[in-house]
Each structure stands twice: as structure tokens, then as C-alpha cells.
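Values in this text are rule-based calculations from the coordinates and carry no lab data. The structure displayed is predicted, hence computed values, not measured ones. Reconstructed Cβ throughout: ideal geometry from the backbone, glycine too, with neighbour counts over all protein chains shown.
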């Protein structure tokens, strides 16, 4: 079953007088349960592709399908609902809400979804334990290390069991040991819950966990290979 | 606690100094508004009561049209029996009959035009302060004595003192010539120059005799226990008088239209100033919320990426303002009420108040009453404007795009 399908998408940004082609007639298909790494040098288009798949940015042309729905023609509200129900995001800079504790950050998405308080509480506690943050649930982001914050961000991204998780340079601010732990967690979630992962990175250490490696350059896919993950 | 409410509450304390400055502006303006509005309402109540108690009463039974034209022939027949009936039926002695005519009052050397009121000497002190304001001589005593009390300015103008005689010339109710010689029994000083210059009182029976009234008069004056009791009392009087008698009951507003106009004029200028104060507070809130929203643009981009709709984000911003406004409301009302309550016991005065007090029959020391309306209305308006001031920052969020927002550091 296809989780993501991009057909001939283009996206051009204008910087001053210069037009930059971030995505250049790119097409890609990702099956449900895949663990995909997008790799490119800086400016190669991987973040733009993630944004297009996540409905954060609309391509200038082409079609984007997620979970069988064409999303490039959806309204802002419809895209927000799609992201809330089907897509989890993990960002390079963690992006936790600074005034909420670890547990409240995880609960936040469920609150927006309208999940009942008791259910929210149980789910968030279970998930925080699963990502190794038991006992830290009442800490504010500023009171946690980068690795711990990223684990909270992961818990937030997957708490509502999205079909698709999009991660943009998730290990960029982590030391190698913490980065490896995080990737192990991703693999575990991918295998246990059949969650589709699309990870944009230029970290060689991350790539070895990918089952499929997509290399990009100048907004195009230059290489797309299946590999034996670590 | 709801996580959205918790988020809004914690957001406002991210910058505690800024929040306290904004809330402080609200608290200060709310204290000022509670005190000023209480003082103002209190003064208006005093102005109305004191003015009405001097002469006109809270209401009067009259012939239709008399309040506008005040023609001599627009009479209330058998005015004294009617007053007696109302006193009995209402169980109140603050009811008195009157008649009014214009006449020339002449002393040995001088003549002035005055309004003469025929009053019931026994009952008039119950409906008017004027009998108590007699400074020289005494007030009227006998119903049929040809005597008169005049104001201090008129006495000075006519150059008369108590015991002197005045000649009155006027027209009777039938248009015939009316004349009498009366003795000055007393001289009053109300402090209101118009009253002291133009008004005189003589016994009603003597008045009816002089002006050929045949038992008629022009008004039955009724004083309510307080201004608040006046509407209910008026309804009872109207039921007692009945439309069949061809009489109407005029309320204080109809009797003293200038009083309401003076209050409205004063209220307009005061509320204009309050409006400026509220707008300044609203701009302070707008500034705070705009800064707060701009600072969190990246964060808003993130939560939109997580699936939060811009509308909900806008509601959080509105909720933040509402919480700040509520804090300002509660603290402002508590402090403002405490201050006003203290002054309502201790009294309040300020330079120049004596002059104004004399002009409007007010005491030189005001005791501002604490009422629910005077305490709540100002802070409530500030609260509403606080919410309105945050509509624009909240609305701006609707135009936010997650990717662009997340690029902002």
C-alpha cells in the first residue's frame, strides 16, 4: 500500500533576483512501513520535499498524495487536520513548547485532537517510558538535555500513532551515542507499529539504519536504493 | 486544568515584567474608574435629591399641560382635599398642596416681579427644605394669614426686613385684578440665587382668597423616601389619582429638565475622559500582545505543523488577553472598591469643591457610595477593550504559514 506518492513536483524559491529550483520535476513513491532516508548536500531539496509531503508547503506544480488523499489542493484547515491525524513531525531543533512539561508536550497533540484527559495521561506516560524518559515527565524542556528533548519530540510525533513520521535532521544537534539511541528507537517504532519513516539527513550514521536510501541533488533524485539496514 | 488554558496562563508569565506592567495599567485604570464613577454617581444622586428636596419634590400631581405652560387657569380643583386623600392613602405625610401665581411685589420704594407660591404651612416643611432655611423671622404658621416668606436676595432688592409690608399685584384665576398687602414673616436663604431672588411663599388659603382660586391649586407635591423609591411611588399615585380626574403625575425629570441635562453634560465630558483612559489601556494590551505574538512566530509555526489550526492559535492569544484582563479586573475591582468603601465612610473633598457644592446643593464633603454598577461598569469596559485589543494579533495568526513561521528565529 502506498503511503506517499509525489508526481512530477516542482518548487521554485526566489532569493533576490535569483530563482532557486528546490524541487525539479521530482517523483517518488513510498510504501507503508518503509524506512526511508533522504540524503543530499545542503540545499539539495530534502527539507522542501519533506515539507511538501507534510503539507507544510505547496509545490508549484505536480501532485502530492498521502495515504490515498491528494493534498496539494487541500485548504489550510484540511491540511492541518491531515497532519494532526496522520503525520508526525520531528524537527532538528526539537521545537518543544517551552512552557509545557515533557508530559504536557506529548499530551498537547492529543488535546488538540480532543482525546479525553484520562486517556491522554495514560498514553503520554506509557510513551515517555517507552522512549526512556520515565521520571522526567514533569521537567520543562529547558531542564532537559538535547537528547532528552528530542525523545520528547519523538514521543509527541508518534503519540497519536500517525501512519507517517517525517523527521528533518533529527540527529543534527545530538552526540553520536544519543543519535544512535534515537535511531534505534525509530527502527523499533517502524518495526513494531509499521509506521512509515521519512528522514532527511546528511548524517552518515543515520543512513545505515535506512532500508531505502534516496540521494538528491538540485531538487532531483539521483539515486534510490534499497539496503540492508543496521 | 485544560491544557490550552494552562498554555495561555503560562505564556503570559514568560515575560512577567511585561505582563505586570500591562496588568498594572489595567489595575490602575480600574481603581481610578471605580472611584471616579462611584463618586460621580454619588454626586448625581445627591444633586437630584437635594435639588428636589429644596422645592419641586420627586413628583407632582398637576393639570395636563401645566408643566409646559404653567397657566393660571390650569388648576387642580379642591387641591387640599386631594392632598389630604393622598396623604391618607399613601400612609405618608410628605404630600402637600400648592398654588402658584406671578405678581408684582412692591415695598415703599421698589417693585419686583416674583413667583408666589401658596403653600400649606403645616405640610410644606415635609416636602421642601425651604421652610427650614428661614434665616430671619419665622416660617408661615396660619393657613389664612396674610403673611409671606421671601428669599434673602429679594429682601435685599426690595429693602425690606421681617415685619415690613409688601403690596402684591397680580391677576386672579378668572383674569380679574388681584391685590393684597402681606407682612414679611421670614426671610430664607437657600444658597441658590434664582430661588432667593424670585420665589416667595404665602399660606394657601390666603393665596386662594387673593387670587380667587375657589379652593383650587396647581400642584400636589410628593416627596419619595429616596430617588430609587420614586418610580414605584409614582405608579401608586397614578393609580390613586386616576385618569378620570383629568390630572397627570409629573416625575422629577419632567419637573426639572435642566437637572438631567446638567448631569448628562457632566457625564458626557467625564465619560470622554474615561474613554481616553480605556483606549490607552487597550493600546498597551495591543502592544504587549503584538510583541508576544511576534516573539513566538517560530513556535506558532511548529504547532501549526503539528496540526493545530490557526483559529485555535488565535483563541489561545485571546485567552491570554482574557486572563490578563481578568487579573486586572479582579485586582482593580478589589483595590478600587476598598478605596471607595474607605472614602464612603471617611468622606472626600478637594479644592474648589465648596463652590461647586453650593451651586448644586451638595455638601462640601462627598461620601461616594459603593454600588455594584459603579464598581463593575468601568472595569468591565476595560476588560472588553482588552479583548478587542487582542483581536488584531489573533487575526494576524490566520495568515501565518507554518514553513515561513518556522524560518523565523
Considering only A:66, A:99, A:165, give the residue with the highest GNM mean-square fluctuation for chain A, with springs between Cα atoms whenever their separation is below 10 Å.
-> A:99
Any idea how far apart residue B:104 and residue A:1 come out in nm if each label point goes 7 Å out from Cα toward Cβ?
-> 11.2
Could you tell me whether the range B:40-111 comes out rounded, prolate or oblate from its Cα gyration tensor? Rule is a ≥ b ≥ c as square roots of the eigenvalues, rounded for a/c under 1.5, then prolate if a/b exceeds b/c, otherwise oblate.
-> oblate
Arrange the following residues from fewest to most other Cβ atoms within 10 Å of their Cβ: B:38, B:344.
-> B:344, B:38
Taking each pair of different alpha-carbon atoms in the range B:255-366 once, compute 1/r for the pair, average those values, and report the inverse of that mean as the Kirkwood hydrodynamic radius in Å to one decimal.
-> 18.6
Give me the number: length gained by fully extending residue B:142 to residue B:6, i.e. 0.36 nm times residue separation minus the C-alpha to C-alpha distance, one decimal in nm.
-> 41.1 nm
Could you please tell me the mean projected area of the C-alpha convex hull for the protein assembly as shown, averaged over all directions and given in square nanometres to one decimal?
-> 42.3
Taking Cα pairs under 8 Å and at least six residues apart, what relative contact order does the range A:2-226 come out at, in percent?
-> 30
Would you mind telling me which residue in B:293, B:67, B:34 has the biggest mean-square fluctuation in a Gaussian network model of chain B, where springs connect alpha carbons within a distance under 10 angstrom?
-> B:293
Under the definition of partner shielding as Cβ atoms of other protein chains within 10 Å of a residue Cβ, what is the mean value for peptide A:41-54?
-> 1
Please state the relative contact order of the range B:59-223 as a whole percent: Cα pairs under 8 Å, 6+ residues apart?
-> 34
Inter-part gap, Cα centre of the range B:181-222 to Cα centre of the range A:102-162, in whole angstrom, is 88
Would you mind telling me the antiparallel percentage of the DSSP bridges in chain B, rounded to 5?
-> 80
Dividing the mean separation of Cα pairs under 8 Å (6+ apart) by the residue count of chain B yields a relative contact order in percent of 26
Peptide B:305-315: average number of partner chain Cβ atoms within 10 Å per residue?
-> 6
Helix B:79-90 axis, angle to chain B major axis (alpha carbon atoms, nearest 10°) = 40
Other protein chain Cβ atoms within 10 Å, averaged over every residue that makes up A:76-89 | 4
Going by a ≥ b ≥ c, the root eigenvalues of the Cα gyration tensor, does chain A fall in the rounded group (a/c under 1.5), the prolate group (a/b larger than b/c) or the oblate group?
-> prolate
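To check you understand DSSP bridge types, tell me what percent of the beta bridges within the range B:59-223 (both residues inside) are antiparallel, rounded to 5.
Details: 33 of 43 bridges.
So the antiparallel bridges amount to about 75 percent of the total.
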Where in the range B:140-159 is the amide nitrogen less than 17 Å from a point lying 7 Å along the Cα-to-Cβ axis of residue B:122?
-> B:140-145
With Cα atoms, 0 to 90° folded angle of helix B:310-346 axis to chain B main axis | 40
Rg/Rh ratio calculated on Cα atoms of the range B:59-223 (Kirkwood radius) = 0.95
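Using a Förster distance of 30 angstrom, determine the FRET efficiency expected from the C-beta separation of residue A:192 and residue A:172, and round it to 0.05.
My answer for the efficiency is 0.75.
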Helical mean residue ellipticity (222 nm; -39500 (n - 2.57) per DSSP H run of 4+; nearest 500) of chain A = -10500 deg cm²/dmol
Taking a label point 7 Å from the Cα of residue B:183 along Cα-to-Cβ, the residues of the range B:109-141 whose backbone nitrogen sits under 14 Å from it are B:137-141
Which FRET efficiency value, to the nearest 0.05, is calculated for residue B:93 and residue B:388 with the Förster distance at 56 angstrom and r the Cβ-Cβ distance?
-> 0.60
Only helices counted: for chain B, with every DSSP H run of 4 or more residues adding -39500 (n - 2.57) and the sum spread over all residues, [θ] at 222 nm is -17500 deg cm²/dmol
With a point put 7 Å past each Cα toward its Cβ, work out how far residue A:69 is from residue A:129 in nm, to one decimal.
-> 3.3
Tilt relative to chain B, helix B:16-51 - C-alpha long axis, 0 to 90 degrees, to 10 = 10
Expected max-MSF residue from B:352, B:170, B:275 in the GNM of chain B (alpha carbon, under 10 Å) is B:352
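Considering only DSSP beta bridges whose two residues both sit in the protein assembly as shown, what percent are antiparallel, to the nearest 5?
Approximately 70 percent, going by the DSSP bridge assignments.
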Calculated FRET efficiency for the pair residue B:312/residue B:271, C-beta based, R₀ 41 Å, to 0.05 = 0.65
